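K.L.:
Here's a structure for you.
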Amino acid sequence: MSLHRSFLASFLAALVTSGLMITPAKAAPIEWVRVANPGNAADTTGYGNVAYTFDIMKYEFTNTRYAEFLNAIDPEGTNPQGVWNAEMNSSNQGGISQVLGNALGSRYVVKTNFANKPVNFLSSFSVARVANWLQNGSPVSGTTTNSSATAPQNTGAYAIGTGTSGNLPAKSAGAVYWIPLENEWYKAAYYNPTLNSGTGGYTTYGNGFSTAPGSVTASVTGSGSAGGTGNFANYLGTGTWNGNPTGAPTSVGTNGAASYYGAFDMSGNTIEFNTLTGVTSSNVGFRGGSFVSDAAAKISSSSRNDSTATTFIDNEFGFRLVTVPEPESLALLATVGVAFAAGLLRRRRIATNA
């Protein structure tokens, strides 16, 4: 865990102890990879230039993580703003069931063999709500669902309130977690600073290769494999398991090599949300292709999609998030003007230097 996330965890825990915040959910730690080399040149496609360092999720957001989010914000299972989609249960490509007979806070259940598969059947508003929830410390609602406009999933990184349609607003100036901007996603997937004699360049695919990948073979429980150099991906509908003759999402991190920066499955598996800049008709994009993409070009750097229907939900769509690395996150905490945070940081430094 990096310094800024350790500090945030300590800060939030102290707020809990002081009674200023409800107990956070015990979600498994998210793994992040650092995307450095700020100020890199854009690719010939025009994308990929990013002037700052950032962190991106190493793996796509899984059903396990999403079920934890659902149970935390919606212990009763009333499904505010449609954060759970019934196709997650009814489709044999989806991974989360709703069991209203279960105890409060456990009514969303990950299906067998789907724990480490990327969550799908999402809208961009649902993804934004995950970012908001993380930004607010991953709190648990308790025994009653909190679906107000100021609930932890409805405000923070994205000021969406109870909205479910229209264009997703831009991330807030103080966002700590957010849906990747298109250039951020593109750089994390395709940029390699060691190419072209160290001047930097781009690969064609998100697994570090520029030659077309082979297609994945899935085990009976949905783990991918193909062997060899790692130049393969979950596309062409070959990840056939769980009775899916046309393929399905496979376990994150089992579908070939990672990008230069260490992010897995950025070509194939699920096509991932990004947000566009300077576009008025739509601000939601999709990149990387999916398990049903029928050609290598569709999981390559040349393929991009966007939609004006921000609530469009499909079995192919997944996501990962971006966060700010040290020291930017500490600066963000400082801007909220919480004197308690400053005191906690001073005590941390004293303890470290003792």
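The values are calculated or read from the model by the stated rules, or taken from the named source; none is laboratory data. What you are looking at is a predicted structure, and each value in this text was computed from that prediction instead of being measured. Cβ placement follows ideal geometry from the backbone for every residue including glycine, while neighbour counts extend to all protein chains displayed.
K.L.:
Filter the stretch 104-143 for residues that are under 29 Å from Thr250 (Cβ atoms) and β-branched (Val, Ile, Thr); which is surrounded by the fewest Cβ atoms within 10 Å (Cβ to Cβ)?
P.N.:
The selected residue is Thr112.
K.L.:
Taking the stretch 195-208, which residues are within 15 Å of Gly39 (Cα to Cα), among the hydroxyl-bearing types (Ser, Thr, Tyr) and surrounded by fewer than 23 Cβ atoms within 10 Å (Cβ to Cβ)?
P.N.:
Once the filter is applied, which keeps residues that are within 15 Å of Gly39 (Cα to Cα), among the hydroxyl-bearing types (Ser, Thr, Tyr) and surrounded by fewer than 23 Cβ atoms within 10 Å (Cβ to Cβ), the stretch 195-208 yields only Thr199.
K.L.:
Only one of (1) modelled with pLDDT under 85; (2) surrounded by 13 or more Cβ atoms within 10 Å (Cβ to Cβ); (3) touching a helix residue (DSSP H, G or I) at 6+ places or on another chain (Cβ under 8 Å) is not met by Asn315, so which one is it?
P.N.:
Unmet for Asn315, out of (1) modelled with pLDDT under 85; (2) surrounded by 13 or more Cβ atoms within 10 Å (Cβ to Cβ); (3) touching a helix residue (DSSP H, G or I) at 6+ places or on another chain (Cβ under 8 Å): (1).
K.L.:
Separate question: Are any of the residues in the stretch 144-165 crowded, with 18+ Cβ neighbours inside 10 Å, aliphatic (A, V, I, L, M), out of contact with any strand residue (DSSP E or B) (no Cβ under 8 Å at 6 or more places or on another chain) and at negative phi?
P.N.:
The answer is yes, given that some residue of the stretch 144-165 is crowded, with 18+ Cβ neighbours inside 10 Å, aliphatic (A, V, I, L, M), out of contact with any strand residue (DSSP E or B) (no Cβ under 8 Å at 6 or more places or on another chain) and at negative phi.
K.L.:
So which residues in the stretch 225-242 are outside any loop (DSSP other than H, G, I, E, B) and in contact with a Pro (Cβ under 7 Å, 6 or more places away or on another chain)?
P.N.:
Answer for the stretch 225-242, where residues must be outside any loop (DSSP other than H, G, I, E, B) and in contact with a Pro (Cβ under 7 Å, 6 or more places away or on another chain): Phe232, Ala233.
K.L.:
Could you check the stretch 45-64 and list, in sequence order, the residues that are surrounded by fewer than 20 Cβ atoms within 10 Å (Cβ to Cβ) and within 28 Å of Thr150 (Cβ to Cβ)?
P.N.:
Within the stretch 45-64, Thr64 is the sole residue that qualifies.
K.L.:
One residue is enough: does the stretch 137-150 have a residue meeting the conditions aliphatic (A, V, I, L, M) and under 17 Å from Glu68 (Cβ atoms)?
P.N.:
Yes, some residue in the stretch 137-150 is aliphatic (A, V, I, L, M) and under 17 Å from Glu68 (Cβ atoms).
K.L.:
Can you tell me which residue in the stretch 23-49 is nearest to the chain's Cα centre (by Cα), limited to those that are outside any loop (DSSP other than H, G, I, E, B) and modelled with pLDDT of 95 or more?
P.N.:
Per the criteria, the residue is Trp32.
K.L.:
Shifting gears a bit: Inside the stretch 80-109, can you point out the residues that are of a type in the set (S, T, N, Q), touching a strand residue (DSSP E or B) at 6+ places or on another chain (Cβ under 8 Å) and within 26 Å of Val220 (Cα to Cα)?
P.N.:
Selection gives Asn89, Ser97, Gln98.
K.L.:
Taking the stretch 240-254 as the search range and keeping residues that are closer than 16 Å to Phe317 by Cβ and not hydroxyl-bearing (Ser, Thr, Tyr), which one is surrounded by the most Cβ atoms within 10 Å (Cβ to Cβ)?
P.N.:
Filtering first and then ranking leaves Pro249.
K.L.:
Among Gly222, Gly253, which is the only one that is within 16 Å of the chain's Cα centre (by Cα), of a type outside the set (Val, Ile, Thr) and assigned to a loop (DSSP other than H, G, I, E, B)?
P.N.:
Gly253
K.L.:
Give me the pairs: first residue in the stretch 188-215 and under 14 Å from Gly289 (Cα atoms) and part of a loop (DSSP other than H, G, I, E, B), second residue at pLDDT 95 or above and not small (Gly, Ala, Ser), beta-carbon distance under 6 Å, and six or more apart or on different chains, which are they?
P.N.:
Short answer, once both residue conditions are applied: Gly206/Met266; Pro213/Tyr205; Pro213/Asn231; Pro213/Phe232.
K.L.:
Looking at Ala212, Ala188 in this structure, which one is surrounded by fewer than 19 Cβ atoms within 10 Å (Cβ to Cβ), touching a strand residue (DSSP E or B) at 6+ places or on another chain (Cβ under 8 Å) and modelled with pLDDT of 95 or more?
P.N.:
On inspection, the qualifying residue turns out to be Ala212.
K.L.:
Going by the conditions given, is Glu76 within 25 Å of Asn274 (Cα to Cα), surrounded by fewer than 19 Cβ atoms within 10 Å (Cβ to Cβ) and either in contact with an Asp or Glu (Cβ under 7 Å, 6 or more places away or on another chain) or not hydroxyl-bearing (Ser, Thr, Tyr) (or both)?
P.N.:
Considered against the rule, which asks whether it is within 25 Å of Asn274 (Cα to Cα), surrounded by fewer than 19 Cβ atoms within 10 Å (Cβ to Cβ) and either in contact with an Asp or Glu (Cβ under 7 Å, 6 or more places away or on another chain) or not hydroxyl-bearing (Ser, Thr, Tyr) (or both), Glu76 comes out as no.
K.L.:
Among the residues of the stretch 281-312, which ones are in a loop (DSSP other than H, G, I, E, B) and at pLDDT below 95?
P.N.:
Those that are in a loop (DSSP other than H, G, I, E, B) and at pLDDT below 95: Ser281, Ser282, Asn283, Thr308, Ala309, Thr310, Thr311, Phe312.
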